[in-house]
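See structure below.
No value in this document is a laboratory result; all are computed from the given coordinates. Computed from a predicted model, the values in this text were never measured in an experiment. No Cβ is skipped: glycine too gets one built from the backbone with ideal geometry, and neighbour counts run over all protein chains shown.
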Amino acid sequence: MNYSKLDIALILALKNIQDQSRPCLVVFIHIELPIDSKAIALLESFGVSDITAKRNVFTATLSSNAVSQLSEQPWVKSLKLSQQLHLVSGD
C-alpha cells in the first residue's frame, strides 16, 4: 500500500476494516490523464463507470484490498475517503 497517496481519513478508516475483501469504503479516486485501456479495465473492475478522456476524479465503493491495489498504480494521484454530509438546521 502506498500510504503517500491516501488521505488521513482513509488511512484511519482502513485500520478499522476487519474484512479486507468487502467493499465498504466510499472513495474519491484522483487520476492522472491520459489513462490506457488496462487502467480503464482496472477501474471498471472496481465498479467505476462513465470513464471518459476528460474525467480525472471518480467515486467507487472499495475494499481495503482494492485501495491497496489502486494506491500502487502510477496513474493514481490520490485516494480520499468520502465524508458523510449532514444537513445543517436553519433553526
- Here the qualifying pairs (Cβ atoms under 7 Å; residues six or more apart or on different chains; first in the range 61-85 and within 16 Å of residue 45 (Cβ to Cβ) and touching a residue at least 40 places away in the same chain (Cβ under 8 Å); second of a type in the set (Phe, Trp, Tyr) and part of a loop (DSSP other than H, G, I, E, B)) come out as 66/46
- Note on the range 32-60: residues of a type in the set (S, T, N, Q), in contact (Cβ under 8 Å) with a residue 24 or more places away in the chain and farther than 22 Å from residue 17 by Cα are 56
